[in-house]
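**Q** Below you will find the structure I want to go over with you.
The values are calculated or read from the model by the stated rules, or taken from the named source; none is laboratory data. Note that the structure is a prediction, hence the values are computed from the model and not measured. Glycine gets a Cβ as well: all are built from the backbone with ideal geometry, and neighbour counts include every protein chain shown.
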Amino acid sequence: MRDVAQVGDVIAERYVLRERIGAGGMGVVWQAQDRRLDRTVALKCAKVDDERAVVRLRREAANAAALDHPNIVSVYDYFHDGLGWWIAMEYVPSRSLAGVMAEEGLLPPVRVAAIGRQIADALAAAHAKGIVHRDVTPENILVTGERGEMAATGETREEVAKLADFGISHALWGETLDGSTTGGVRGKPRYMAPEVAKGHTASVESDLFSLGASLFAAVEGGSPYGEATSPMAYIARALAGQTRTPRRAGPLTRPLTALLRKNPRDRPTAARTRQLLEEIAPLSQAVRSPPGSEPAGDPVGTSTLPLWRWYVTRRQRWSAAGVVAVFVLGTLAWLLWGPGPAINPGPDREAGSAAPKGAAARSGIGDDRRADPCALLDAASLRRFGPVRLVTDYGNFDRCDLLVDDGGADSADVAVTLLDARVEIGSQVRTRKTGDMTVAAEPLGDGECDRTVRLADGKHVQIMARQTGSALPDLCAMADTATAHAVTVLRRGPVPPRASAPVAGSLATADACELLPATALRRTPGLGAARPEADFGHFGCEWNSPSGDRAVGLVFDRNDPPLEAEGGRPVQLSGKQALVAAEPDEPGTCDALIVQRTFTDLQGESVQERVKLTVSGAGPVAELCGTARDLGAVAAGRLPKA
């Protein structure tokens with residue numbers, strides 16, 4: 001790139017470039033004067049011809065701006081002018097921890113603990129917002145201020161440490177980034193957590209490992225993996241979890257050992273790490289109120305930054321004009337209506353209404369019958385995988401789908417399903433907390449990648465990305481992207497309700513458990529004492545015999561093929577078009593499919609609402625199908641008038 005900016009240039013009619021203070025593969029950093037607020041700032045400019053640098057700059061602006069913390073470098077503004085994309089940041093006259101180590105050599109354990117305590121506090125704030133830094137290294141820890149004795153109080157004044165460069169950070173369960181040249185993993189190998197070296201997604205736990213590795217280097221003089229001649233050698237040691245034992249750390253030995261544990265679940269949280277380090281280096285008044293500290297930022301500049309987070313998480317390859325257009329439209333939406341569905345406005349605001357002041361929104365389903373699963377899906381965030389089509393009328397009423405189709409080659413269905421509290425998450429499934437929710441990540445298998453979110457009310461949301469085409473797309477990236485949006489919506493409170501009430505005669509107005517009364521079940525061999533067990537929202541129901549040799553299940557369904565395409569024997573059940581057919585892949589099972597109504601969906605296709613009644617158990621298939629036909633007639637006679 002040709003560096004067209006020069007000392008003295010005025011950027012965006014506001015920032016005067018004073019000195020070029022850094023440059024790298026992603027662009028140039030300048031010290032500048034903000035003429036509007038009369039303060040010194042740092043301006044970072046992405047290369048105009050480097051799309052990757054622009055994406056990274058946007059990500060840094062969005063994630064850093066979401067955090068307001070004295071130990072995180074503040075972001076004031078993000079904008080475009082004729083020279084490229086820029087972010088205006090807090091100017092920190094400082095050295096990196098790497099620079100301090102290079103100039104001063106090994107650092108005393110108490111001094112390192114004081115620096116680490118502040119960075120742990122910064123990470124605690126980031127993790128609470130659902131942001132993983134992914135690149136905690138001595139190069140990204142800035143140390144500012146002079147150490148010494150304060151004349152007024154006689155108290156020792158310590159350095160202020162700040163965490164910088166959120167350029168490769170990401171929202172939890174959000175965007176998936178491209179691999180690097182170090183074996184397809186991200187981050188600097190000297191400070192990389194073992195699980196990241198294995199290719200797992202970076203997490204809050206891996207941030208803590210990297211913090212421990214950075215502090216280890218400051219006090220011990222090198223990486224906890226020792227010295228190696230190539231990045232891949234460090235990765236090999238990370239894969240094996242081979243870390244050195246601290247020898248010079250003194251009181252830091254305990255927290256360093258905890259942070260560098262191979263199993264991420266065994267590491268302390270950021271908040272606990274801060275406590276451990278504060279025992280070694282208690283918080284001083286100088287850090288509580290750093291002298292000469294500046295305001296947190298420009299109220300005008302920061303007011304729009306949640307908007308940038310809204311579109312940065314989508315990671316589309318937008319042109320500059322497209323970004324500006326979205327910014328203008330989004331700003332109007334912000335001014336008129338406040339945060340949109342993909343913006344996390346904080347715990348005091350719920351979807352569609354304001355929570356009581358000071359009250360935290362509690363995640364949950366809300367009204368099972370009215371909760372809208374489509375409100376948890378966002379088409380724009382998945383468009384980077386290919387053309388997207390929203391399907392609101394497939395399966396049961398607890399489900400919504402986004403079909404992703406790359407010309408038929410890489411095709412997938414991303415489905416959100418609302419589930420009750422009976423879901424069990426296996427003990428071997430990887431989980432993590434985000435707010436009052438727990439997210440479980442199943443590994444990819446059989447053309448499917450699943451995520452399950454356990455909510456504060458004990459219910460669940462399942463996000464499933466399933467292969468539907470001939471080639472295998474990046475299903476887990478799709479699932480993670482969809483989960484990130486769902487979690488963002490759920491942080492504001494219960495699942496938003498459906499925009500309108502169901503039409504008259506829809507199965508959405510029926511209670512599945514009421515379609516088979518006890519009198520009908522008493523006439524069915526083996527089911528006389530069976531009690532109904534309702535599925536989510538009473539959109540389904542089950543009856544199981546006490547002996548376990550006979551069961552009946554009844555669920556609502558929406559599907560587009562004609563009923564005749566299902567095979568089986570067409571019948572009329574209580575005046576309803578129906579079909580009775582044995583399940584070819586499930587011996588000992590027979591279904592009765594009953595059509596409730598036919599309608600046209602958003603794509604202009606014909607869709608049927610159906611009741612699927614399944615009888616299973618011991619005995620001849622003909623007997624099971626007879627029971628299915630008899631019970632199907634009872635259920636059909638109790639359906640709402642279509």
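**Q** Run down Leu256, Leu215, Leu239 and say which single residue is out of contact with any Asp or Glu (no Cβ under 9 Å at 6 or more places or on another chain), in a helix (DSSP H, G or I) and modelled with pLDDT of 90 or more. Let's see the steps before the verdict.
**A** On the way: Leu256 fails: out of contact with any Asp or Glu (no Cβ under 9 Å at 6 or more places or on another chain); Leu239 fails: modelled with pLDDT of 90 or more.
Every option except Leu215 fails the conditions.
**Q** Does Glu583 qualify as being surrounded by fewer than 20 Cβ atoms within 10 Å (Cβ to Cβ), touching a Lys or Arg at 6+ places or on another chain (Cβ under 8 Å) and of a type outside the set (Gly, Ala, Ser)? First the steps, then the outcome.
**A** Details: surrounded by fewer than 20 Cβ atoms within 10 Å (Cβ to Cβ): yes; touching a Lys or Arg at 6+ places or on another chain (Cβ under 8 Å): no; of a type outside the set (Gly, Ala, Ser): yes.
No; evaluated as a whole, the condition is false for this residue.
**Q** Residue check: is Arg531 within 17 Å of Ala636 (Cβ to Cβ) and surrounded by fewer than 16 Cβ atoms within 10 Å (Cβ to Cβ)? Before you say what the answer is, go through the steps one by one.
**A** On the way: within 17 Å of Ala636 (Cβ to Cβ): no; surrounded by fewer than 16 Cβ atoms within 10 Å (Cβ to Cβ): yes.
Considered against the rule, which asks whether it is within 17 Å of Ala636 (Cβ to Cβ) and surrounded by fewer than 16 Cβ atoms within 10 Å (Cβ to Cβ), Arg531 comes out as no.
**Q** Can you pull out every residue in region 375-392 that is crowded, with 20+ Cβ neighbours inside 10 Å and either in the same structural domain as Val611 (by TED's automatic domain parsing) or in contact with a strand residue (DSSP E or B) (Cβ under 6 Å, 6 or more places away or on another chain) (or both)?
**A** Leu376, Leu377, Leu382, Phe385, Val391
**Q** Next question, about the same structure. When region 193-231 is examined, which residues are found to be closer than 26 Å to Leu106 by Cα and in contact with a strand residue (DSSP E or B) (Cβ under 7 Å, 6 or more places away or on another chain)?
**A** Once the filter is applied, which keeps residues that are closer than 26 Å to Leu106 by Cα and in contact with a strand residue (DSSP E or B) (Cβ under 7 Å, 6 or more places away or on another chain), region 193-231 yields Asp207, Ser214, Pro231.
**Q** Name the single residue that is modelled with the lowest pLDDT among those in region 1-33 being within 34 Å of the chain's Cα centre (by Cα) and surrounded by fewer than 13 Cβ atoms within 10 Å (Cβ to Cβ).
**A** Filtering first and then ranking leaves Gly25.
**Q** Could you list, in sequence order, the residues of region 587-633 that are without any contact (Cβ under 8 Å) to a residue 40 or more places away in the chain, within 37 Å of the chain's Cα centre (by Cα) and not in a strand (DSSP E or B)?
**A** Gly604
**Q** Would it be correct to say that Thr304 is surrounded by 15 or more Cβ atoms within 10 Å (Cβ to Cβ) and either at pLDDT 90 or above or closer than 28 Å to Leu106 by Cβ (or both)? Before you say what the answer is, go through the steps one by one.
**A** On the way: surrounded by 15 or more Cβ atoms within 10 Å (Cβ to Cβ): yes; either at pLDDT 90 or above or closer than 28 Å to Leu106 by Cβ (or both): no.
No, not satisfied.
**Q** Filter region 87-97 for residues that are among the hydrophobic types (A, V, I, L, M, F, W, C), at pLDDT below 90 and outside any strand (DSSP E or B) and give the result.
**A** First pass over region 87-97, keeping only residues among the hydrophobic types (A, V, I, L, M, F, W, C): 87-89, 92, 97.
Next, from what is left, pick out any that are at pLDDT below 90: 87-89, 92.
Val92 - this is the single residue of region 87-97 that is among the hydrophobic types (A, V, I, L, M, F, W, C), at pLDDT below 90 and outside any strand (DSSP E or B).
**Q** Looking only at region 391-435, count every residue that is assigned to a strand (DSSP E or B), under 21 Å from the mean Cα position of the chain (by Cα) and either closer than 24 Å to Gly469 by Cβ or at pLDDT below 85 (or both) and tell me the total.
**A** Keep residues of region 391-435 that are assigned to a strand (DSSP E or B), which gives 391, 399-406, 410-419, 430-434.
Filter once more, keeping what is under 21 Å from the mean Cα position of the chain (by Cα): 399-404, 412-419, 430-434.
Keeping just the survivors that are either closer than 24 Å to Gly469 by Cβ or at pLDDT below 85 (or both) gives 399-404, 412-417.
Count: 12.
**Q** Something else now. Take Ala171 and decide whether it is at pLDDT below 90 and crowded, with 24+ Cβ neighbours inside 10 Å.
**A** Considered against the rule, which asks whether it is at pLDDT below 90 and crowded, with 24+ Cβ neighbours inside 10 Å, Ala171 comes out as yes.
**Q** When only residues in region 370-390 that are within 21 Å of Leu472 (Cβ to Cβ) and assigned to a strand (DSSP E or B) count, which is farthest from the chain's Cα centre (by Cα)? So that I can check it myself, show each step before the final result.
**A** First pass over region 370-390, keeping only residues within 21 Å of Leu472 (Cβ to Cβ): 381-389.
After this cut, where a residue has to be assigned to a strand (DSSP E or B) as well, the list is 388-389.
Values: Val388: 19, Arg389: 21 Å.
Per the stated criteria, the residue is Arg389.
**Q** If you don't mind, another one. Those residues that are of a type outside the set (A, V, I, L, M), surrounded by 15 or more Cβ atoms within 10 Å (Cβ to Cβ), at pLDDT below 90 and part of a loop (DSSP other than H, G, I, E, B), I need them from region 436-452; list them, please.
**A** Glu442
**Q** Would it be correct to say that Leu97 is surrounded by 17 or more Cβ atoms within 10 Å (Cβ to Cβ), within 30 Å of Arg432 (Cβ to Cβ) and touching a strand residue (DSSP E or B) at 6+ places or on another chain (Cβ under 6 Å)? Talk me through it step by step, then tell me what you get.
**A** Details: surrounded by 17 or more Cβ atoms within 10 Å (Cβ to Cβ): yes; within 30 Å of Arg432 (Cβ to Cβ): yes; touching a strand residue (DSSP E or B) at 6+ places or on another chain (Cβ under 6 Å): yes.
Against the criterion (surrounded by 17 or more Cβ atoms within 10 Å (Cβ to Cβ), within 30 Å of Arg432 (Cβ to Cβ) and touching a strand residue (DSSP E or B) at 6+ places or on another chain (Cβ under 6 Å)), Leu97 qualifies.
**Q** Hey, can you tell me all the residues within region 259-301 that are modelled with pLDDT of 50 or more, over 11 Å from Leu208 (Cβ atoms) and part of a loop (DSSP other than H, G, I, E, B)?
**A** If the condition is that a residue be modelled with pLDDT of 50 or more, over 11 Å from Leu208 (Cβ atoms) and part of a loop (DSSP other than H, G, I, E, B), then Lys262, Asn263, Ala281, Pro282, Leu283, Ser284 are the ones that fit.
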